[in-house]
Amino acid sequence: LETGFIGKPSKEQIADLCGNCHTGPAQFFGQGPHADISNTDNPTCITCHQNHAVCDATLVLMDSTCASCHTESALLDVGRAIQSRLRAGAGEFERVRERFDRMQILRPNLQRIAPLLAGAASSLRQADLQTHALDLELIETQINSFRNDLAALNQALDDYHLGQQQRQWAVVGRWLFI
């Protein structure tokens with residue numbers, strides 16, 4: 001009876017095995033400085049994320065894993081810069097999401113611009129996946145795309161809010177006229 005158990009994968013097989021499901025991180029890991037499996041000091045997916053008790057890919061995980069090998073180096077500085085960009089982006093997204101949620105409570109038809117919120121979230125997730133490449137320029141480009149998406153959402157919220165105010169004044173004007 002075939003169970004599908006392949007045994008313990010070799011270091012060379014780990015990224016491919018994980019990449020079967022985690023295609024985005026695997027793609028970007030393959031572009032990064034840790035992809036050279038001939039360098040015995042390079043980590044694998046398991047080094048950072050474990051194997052059986054898999055650790056979620058978070059910015060906190062970068063603190064605990066990167067610093068274990070890189071005490072003071074240019075790569076650690078790049079990692080910190082990437083973390084900084086992603087944390088700032090997450091904060092910006094959270095503020096706009098909260099604004100959207102507050103406005104939506106009063107105006108359920110605001111749901112029509114929800115795809116803009118989803119698009120901004122998707123752009124930020126893409127930047128998060130790209131951390132595996134450890135390429136600050138790549139992250140910067142994606143964060144800029146995210147900020148453009150967020151600006152479009154903010155503009156739509158501003159436009160919606162302005163339209164609501166204009167409608168309210170129009171109603172007041174009609175009542176005064178009557």
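The values are calculated or read from the model by the stated rules, or taken from the named source; none is laboratory data. All figures in this text were calculated on a predicted structure; none of them were measured in a lab. For neighbour counting, all protein chains shown are included, and Cβ atoms are generated from backbone atoms with ideal geometry for every residue, glycine included. Calculation scope for accessible area: heavy atoms of the full protein, side chains included, ligands and nucleic acids excluded. Shrake-Rupley method; radii C 1.70, N 1.55, O 1.52, S 1.80 Å.
Things worth noting here:
- Among residues of segment 75-99 that are free of Cβ contacts under 8 Å to residues at least 40 places away in the same chain, those with a beta-carbon under 7 Å from a residue that is small (G, A, S) and exposed (fewer than 15 other Cβ atoms within 10 Å of the Cβ) at least six positions away or on a different chain give the pairs L76/A67.
- The C-beta contact set for segment 16-27 (first residue more than 16 Å from A127 (Cβ to Cβ), second residue in a loop (DSSP other than H, G, I, E, B), distance under 8 angstrom, 6+ apart or interchain) comprises L17/I6; L17/P9.
- In segment 41-63, residue surrounded by the most Cβ atoms within 10 Å (Cβ to Cβ) [restricted to those that are under 19 Å from the mean Cα position of the chain (by Cα) and assigned to a helix (DSSP H, G or I)]: C45
- Close pairs from segment 54-65: first at pLDDT below 70, partner part of a loop (DSSP other than H, G, I, E, B), Cβ under 7 Å, at least 6 apart: none
- One residue from Q13, Q31, Q27 being farther than 20 Å from I82 by Cα and surrounded by fewer than 16 Cβ atoms within 10 Å (Cβ to Cβ): Q13
- Condition check for A114: in a helix (DSSP H, G or I), in contact (Cβ under 8 Å) with a residue 24 or more places away in the chain and not hydroxyl-bearing (S, T, Y): no
- Any chance R95 is loosely packed, with under 15 Cβ neighbours inside 10 Å, modelled with pLDDT of 90 or more and not polar (S, T, N, Q): yes
- Within segment 106-138, the set of residues being open to solvent by 30 Å² or more (accessible area, probe 1.4 Å) and hydroxyl-bearing (S, T, Y) comprises S122 only.
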